[in-house]
Amino acid sequence: MALTDWTNEPRVPYDDLHALIARMFEALGLRPFDATTAADSLLIADLRGIETHGVQRMNFYVLGFRQGLIKPVADLSVDRERASTIAFSGNHGLGLVMATRAMERVIAKASETGICLGTIRESSHYGIAARYALMATERNMCGMCMTNTSPIVVPFGAKRHALGTNPIAFTAPTNGDPFCLDMATSTVALGKVEVARRLGIPIPAGWSLDAEGQDVTDPFAHAGLTPLGGDYLRGGHKGYGLGMMVEIFTSQLASTSWSGGIVREHADGDAASCGHMFMAIDIDAFRDLQDFKDALTDMCLSLKAMEPVNPDAPVLVPGDPEMAATRYNLEHGVPIRQPVYEELQQLASELGIAWL
């Protein structure tokens, strides 16, 4: 079975799944409006086909709440603020909620000043970075988002992991679907190794290293991920540099621990304290908005019109596969791996929530 094979997996209507996840978050102590926000932030990953950051992560969040590492009721507080910058503390709240509230504030400030950069310290895992960058395109702005994580990635040339997957998302509006680059600065997300373990299948060479820094295809021998690119010939040193850049924004600038100093609080989940960076850019502060959207649309269409190597695999731009997945999954139901489906059933029972 391939990681992308959904043939025999259950599919659940989005609205039903959203209601279930929101009820779970409420049962864990979140206020109703925060529970809805958390469900929005989590399920956008499953809709876009990024299963590694969707409902597969519910057990991880539950562990964080049960161990007192994530506070169910928390609000952002402002540490510092200027006209086009803002530094928040998440006060150990749920990243899915804290990040949404922070990006809302960053977008509001950018609409006044043309651009705003914000940071959060003392937050937690926030799902996919694209969720927050896309909030800006909904307001006809460009958006950017980054986060650090607990150490999972092996610095280029080292044996032991010290950096997080440290993803970057950048979005821009067009006359159609937004441009949306959402990428880890590791070769893959850790969740893909976790999926391979669930399915009992090997992982591709170049994804993972063992405790001696040697390449492995056995997901159970995984000790650390490679930086984006893997080895020197494929640009692994560049991926390492990108990961460090994200680290500077999300730890040093955000005034929180860098990945090497973040404790992975439990084996099944990420750290309960990490940093994020957000940016919103009001295009109208630089040029006419419609001119920008027309020009970017033309550029994307020109790229997609290029002759492909394989006629069955047309040229795409970042965001195309995820938008196709979103449309399909909204129509046919959100796919969930059978083991994850069973975990959710068990979790609903534990929380006293009626199953779908």
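Values quoted throughout were computed directly from the atomic coordinates according to the rules given, and no laboratory measurement underlies them. Small disclaimer: the values here were computed from a predicted structure and weren't measured. For neighbour counting, all protein chains shown are included, and Cβ atoms are generated from backbone atoms with ideal geometry for every residue, glycine included.
Between GLY93 and residues 5 or more places away or on another chain, which pairs have amide H atoms under 5 Å apart, with H built 1.01 Å from N, and which residues are they?
Amide H neighbours of GLY93, under 5 Å, 5+ apart: LYS71.
Using only the Cα atoms, what convex hull volume per residue in Å³ does region 126-174 have?
Considering the Cα atoms of region 126-174, their hull volume per residue is 64 Å³.
Nothing charged except the Cβ atoms of Lys and Arg (+1) and of Asp and Glu (-1): what's the magnitude of the dipole of region 189-296 about its Cα centre? Round to the nearest 20 debye.
The calculation lands at about 160 debye.
Using each residue's phi in region 320-327, evaluate 6.51 cos²θ - 1.76 cosθ + 1.60 at θ = phi - 60° and report the 3J(HN,Hα) Karplus result to the nearest Hz, with x for Gly and Pro.
With coefficients 6.51, -1.76 and 1.60, one gets 4, x, 5, 5, 5, 5, 4, 5 Hz.
List the lysines whose alpha-carbon lies under 24 Å from that of LYS238, not counting same-chain residues fewer than 8 positions away?
LYS159, LYS192
Trypsin sites (Lys or Arg not before Pro) within region 284-356: which are DSSP loop residues with at most 16 other Cβ atoms inside 10 Å?
ARG287
Please sort 31-38, 329-336 by packing, taking for each peptide the average over its residues of neighbouring beta carbons within 10 angstrom, highest first.
Ranking, from highest mean packing down: 31-38, 329-336.
Provide the convex hull volume over Cα atoms per residue for the chain, in Å³.
Spread over its residues, the Cα hull of the chain gives 139 Å³ apiece.
For region 1-114, what's the relative contact order in percent, using C-alpha pairs closer than 8 Å and at least 6 residues apart?
Once normalised by length, the contact order is 19 percent.
Could you calculate, for region 66-155, the ratio of the Cα radius of gyration to the Kirkwood radius, expressed as Rg to Rh?
0.99
With +1 on each Lys and Arg Cβ and -1 on each Asp and Glu Cβ, how big is the dipole of region 21-71 about its Cα centre, in debye rounded to the nearest 20?
Here region 21-71 has a charge dipole of around 160 debye.
Mind ranking 6-13, 314-321, 40-47 by how tightly packed they are, going by the mean number of other C-beta atoms within 10 angstrom, highest first?
40-47, 314-321, 6-13
Among VAL340, PRO318, LEU301, which residue has its Cα positioned farthest towards the positive end of the charge dipole of region 277-356, with +1 placed on the Cβ of Lys and Arg, -1 on the Cβ of Asp and Glu, and the dipole taken about the Cα centre?
In region 277-356, that residue is VAL340.
For LYS109, which lysines qualify as cross-link partners when the Cα separation must be under 28 Å and same-chain residues fewer than eight apart are set aside?
List returned: LYS71, LYS293.
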